[in-house]
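Enquirer: One structure follows; several queries about it will come next.
The values are calculated or read from the model by the stated rules, or taken from the named source; none is laboratory data. Just so it is clear, the model here is predicted, and its values are computed rather than measured. All Cβ positions, glycine included, derive from the backbone under ideal geometry; neighbour counts span all protein chains shown. Protein only, heavy atoms only, side chains kept; ligands, DNA and RNA dropped before computing areas. Shrake-Rupley method; radii C 1.70, N 1.55, O 1.52, S 1.80 Å.
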Amino acid sequence: MKHIDISELNAHCEDYIDKDVVICGWVKSVRNSKQTCFIDFNDGTGMKNVQIVVDKSEGTDESWTKFSIGTALMIKGKAVASFNEKQRFEIKPEQITVLGACPEDYPLQKKATSLEFLRTVPHLRARTNTFNAMFRLRSKLAYAIHEFFQTNNFTYVHTPLITGSDCEGAGEVFRVTTQPANAVYPTEDEYFAEDFFKRRAGLTVSGQLEGETMAMALSKIYTFGPTFRAELSYTARHAAEFWQIEPEVAFADLDDIIELATNMIKYITNYVLVNCPEEIAFFEQFYEKGLTAKLRNIVDSEFAVIDYSEAIDLLVKSGREFSYPVEWGLDLQTEHERYLTDEVFRRPVFVINYPKDIKAFYMKQNPDGKTVAATDLLVPGVGEIIGASQREDDYDKLYAVMTERGMTMDDYKYYLDLRKFGTAPHAGYGLGFERMLMYITGIGNIRDTIAYPRTAGYLA
Ligand code: 4AD
Ligand code: MG
């Protein structure tokens, strides 16, 4: 069907005034006055609707004034200059073809429909303004990420989704098996001997380990793909399937990776400010007051950096009663992170040099013997959006830590090989894509940043 995108029509309406146009889309709302029927109409290519103005006095087809919300139409008509201040033009229809009627039981009737309700209809919710805006913004943000890395000499690599290793060592791997549900074997070895891969396999929690192998050949790489975690966290910021961006850089240390992460966050934030002003304005109006100023601040101001040990001091001295204990050696809980971001710094903050025992096996040990060269980027309202570290590039030290943690060396031989053949200092990070979207839009629940959210006990 030859027709024009509504976003194109809105962007360059001067070119179309007094010309015939064909548009396709869905009815958003209908308002009738005595003489006129106004139809708000959109095809999802942009935030702004077009207004179709049906003049009732000209003996027009009466059905043109009675379309229900959600009806799919093809409209041929003329774009004419509008007298209404809100829009520069409107469409005077000459021919309307109903492509798909939308009966009364269409669930998206009311204008304000709660996000909770919309989660029960994931196949339809993209048609609401909120999700329409979210998915366009998600797409633009993904594009910005590629643009940032591609213009900085990074190679985009595709790491496997099915792996034999648990990168984070947290035991949150979804198993991949073709064994029948009732398969019973005397030992694990016998079970896996009959299984598809002849060994234990799972969905990747992170592309990092394979990413490192590529960085040791291409110097600067990034991944951008889905990762999976069987985490029983019923919070608004945990999903079982989420997308991660994982750059890995050879000949780099923790400071270099903090600089890279800062530049990337600023670049992609600026990108959406410039390229998605209507979506940002929408989220500001309905979800977070002051959103635009917040985003500008991310672009313009410096991020804070604080040592984990200093952060513990700050928390202890705060005089606050936290539900979880604050003590050197313990991980920071959400409430602690929130205190640092929302009350102390009020901007993004890198917490660096965590105790080694609460972090992953691959992190570079600091000379103090107690901490690792790792950092989390915490942001107001969301908490951790990036986990980063310099990697242990010393074969013996890495081998010792892996032995201490009881890891199966056979599964990680390739990883140790990197430290054997031309090892080099290197560092990387993982940005949680959906958490970044929460931060950029002010949407409070990760389930509303991804089309089909998967969380513990929920697969709609
Ligand atoms: O801190 P994480 O676990 O770090 C890694 O996976 C490293 N291998 C990254 C690297 O160095 N290449 O996860 C990285 C980020 C977190 O900061 C968070 O933003 C996001 O991934 N994330 C989640 N997002 C949604 N749901 C979950 N269950 C998440 N778990 C982590
Ligand atoms: Mg982390």
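Enquirer: Within segment 97-146, take every residue that is part of a loop (DSSP other than H, G, I, E, B) and without any contact (Cβ under 8 Å) to a residue 12 or more places away in the chain and give me the one that is farthest from Gly70 (Cα to Cα).
Expert: Going through the qualifying residues, I end up with Ser114.
Enquirer: Let me ask you something else. Would you be able to tell me the number of residues in segment 364-374 that are under 22 Å from Met216 (Cβ atoms) and either more than 9 Å from ligand 1 (Cβ to nearest atom) or surrounded by fewer than 22 Cβ atoms within 10 Å (Cβ to Cβ) (or both)?
Expert: So the count comes out to 4.
Enquirer: Among the numbered criteria (1) modelled with pLDDT of 95 or more; (2) more than 16 Å from ligand 2 (Cβ to nearest atom); (3) open to solvent by 20 Å² or more (accessible area, probe 1.4 Å), which one does Trp243 miss?
Expert: (2)
Enquirer: State which residue is nearest to Gly442 (Cα to Cα) when the search covers only segment 276-294 and only residues that are among the hydrophobic types (A, V, I, L, M, F, W, C) and out of contact with any Phe, Trp or Tyr (no Cβ under 9 Å at 6 or more places or on another chain).
Expert: Phe283
Enquirer: Does Gln95 qualify as being exposed (fewer than 15 other Cβ atoms within 10 Å of the Cβ), of a type in the set (S, T, N, Q) and either modelled with pLDDT of 95 or more or within 28 Å of Phe224 (Cα to Cα) (or both)?
Expert: When the stated conditions are applied, Gln95 passes them.
Enquirer: Among Tyr185, Tyr191, which is over 34 Å from the mean Cα position of the chain (by Cα), outside any loop (DSSP other than H, G, I, E, B) and surrounded by fewer than 17 Cβ atoms within 10 Å (Cβ to Cβ)?
Expert: Answer to the selection: Tyr191.
Enquirer: Quick one: would you say Leu118 is modelled with pLDDT of 95 or more, touching a strand residue (DSSP E or B) at 6+ places or on another chain (Cβ under 8 Å) and either open to solvent by 30 Å² or more (accessible area, probe 1.4 Å) or closer than 30 Å to Lys140 by Cα (or both)?
Expert: Criteria not met by Leu118.
Enquirer: Among Lys397, Lys413, which is assigned to a helix (DSSP H, G or I), touching a Lys or Arg at 6+ places or on another chain (Cβ under 9 Å) and over 30 Å from Leu340 (Cα atoms)?
Expert: Lys397
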